[in-house]
Amino acid sequence: MQRPSPTYPVDGTAVRELRMRSGIGIPQLAERVGITASYLSRIEVGTRRRMRPATYRRLRSALGLPPDDTRILAPRPAVPEPPSPPPTREAPS
């Protein structure tokens, strides 16, 4: 059985903010990255949340971000703490 390709969780809001700050339209950025405008739009609005590594690197580069910049990665969800055990009651004497 073949493993699925690794993907990166992408923060669409951050992508949109960086794109707009750069003054680039969705069609222009999509063309630079080599993806469709529809795909980029779905990333930005959050209906698509993951990208393959090569696409992620091209997007980061097209936005002018250095390789170690993680601004367009979605934050990892916090791991919830396990619930506390219920308090024990002492037996009456």
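The values are calculated or read from the model by the stated rules, or taken from the named source; none is laboratory data. Owing to the predicted nature of the structure, the values given are computational and were not obtained by experimental measurement. Positions of Cβ are backbone-derived with ideal geometry, glycine not excepted, and every protein chain shown enters the neighbour counts.
Worth a mention:
- Per-region count, region 18-58, residues surrounded by fewer than 15 Cβ atoms within 10 Å (Cβ to Cβ), within 18 Å of Asp69 (Cβ to Cβ) and of a type in the set (A, V, I, L, M, F, W, C): 2
- Considering residues of region 13-25 that are of a type in the set (Gly, Ala, Ser) and touching a residue at least 40 places away in the same chain (Cβ under 8 Å) only, the residue nearest to Tyr56 (Cα to Cα): Ala14
- Region 58-83, subset among the charged types (D, E, K, R) and at pLDDT 95 or above, residue nearest to the chain's Cα centre (by Cα): Arg60
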